[in-house]
1. Quick one: would you say Tyr149 is surrounded by 23 or more Cβ atoms within 10 Å (Cβ to Cβ) and not assigned by TED's automatic domain parsing to the domain that holds Gly51?
2. Scan region 31-54 for residues that are among the small types (Gly, Ala, Ser) and in contact with a Leu (Cβ under 9 Å, 6 or more places away or on another chain) and jot them down.
3. If the requirement is being surrounded by 18 or more Cβ atoms within 10 Å (Cβ to Cβ) and under 21 Å from the mean Cα position of the chain (by Cα), which of these qualifies: Thr141, Thr159?
4. Mind counting the residues in region 116-150 that are in a loop (DSSP other than H, G, I, E, B) and either in contact (Cβ under 8 Å) with a residue 60 or more places away in the chain or not hydroxyl-bearing (Ser, Thr, Tyr) (or both)?
5. Which condition from (1) in contact with a strand residue (DSSP E or B) (Cβ under 9 Å, 6 or more places away or on another chain); (2) at negative phi; (3) in a loop (DSSP other than H, G, I, E, B); (4) modelled with pLDDT under 95 is the one that Pro226 breaks?
6. Hey, could you check region 190-204 for residues that are farther than 18 Å from Tyr128 by Cβ and in a strand (DSSP E or B) and say which is nearest to the chain's Cα centre (by Cα)?
Amino acid sequence: MKAKIYGAQINKLKPHIIKAGFHLISSGKPDVIVSFGGDGTFLEAERKYPGVPKLMIRSSRTCQKCLSEPIDITLKNLKNKKYKIKELIKLEAGFGASKLTAFNDVLVHNAWPTQAMRYRLFVNGRLYAEEVIGDGIVVATPFGSGGYYRSITDSTFTTGIGLAFNNSTRQLDHVVLEEKSVVSVEILRGPALLGIDNVRKTITVPVGKKVIIKKSKEKARVFAHPTLLCDECRRANTRQTTSMFI
């Protein structure tokens, strides 16, 4: 099996990869990407090598989804095909000719921290909220629900697409939609910024324009260890939201 390491401490992991019997490559298409770092490292690896199966190994305290067992055991289990590949959804955010693909979440955020944005929200073409005033909205995948979505809602979810309202002036409960739902955010006062995952570059969305967010045709492929996306493990850290489908 051809493997490639992605992360800042490649030399630290190389001996373990070779010891486990993998063919380590630096160019060409690998059979597996070993993401060595934290959650952010994995997101970068997925953007650079979309669709290639990935194994997450922790080298950062912030990696909540990485494997917790010793590295050599993890790699041995991978070599012996003890981990199944799990396909996970991504999101597509469209604005004009721009199309962004997110694995964790899509953010539509106020451009100026001293001024709230105003927006109108549609779900599947139907008006959901006439005018929301606040810092914006987070649209998350189940995988990404442990990040920004959780910091707003104090919850996670395992299926569907989650909406979290960031510092809105009136109470709006977070909601989990069906996976096939289409979310439209129309900017009423802005401009707003459109961003995804941990990407620093954002797109400015002017007043009167819409951002369309839906499930992407792309999927991430992750080697699923029992602790990865384990419901019991997730509930140990946070309460889980009750899904409300529209």
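1. Yes: the conditions hold for Tyr149.
2. Result: Ser35, single match.
3. Thr141
4. Total satisfying the criteria: 6.
5. (1)
6. Looking at the filtered set, the residue picked out is Ile196.
The values are calculated or read from the model by the stated rules, or taken from the named source; none is laboratory data. Keep in mind that this is a model prediction, so the values were computed, not measured. As a convention, Cβ positions derive from the backbone with ideal geometry for all residues, glycine included, and neighbour counts pool all protein chains shown.
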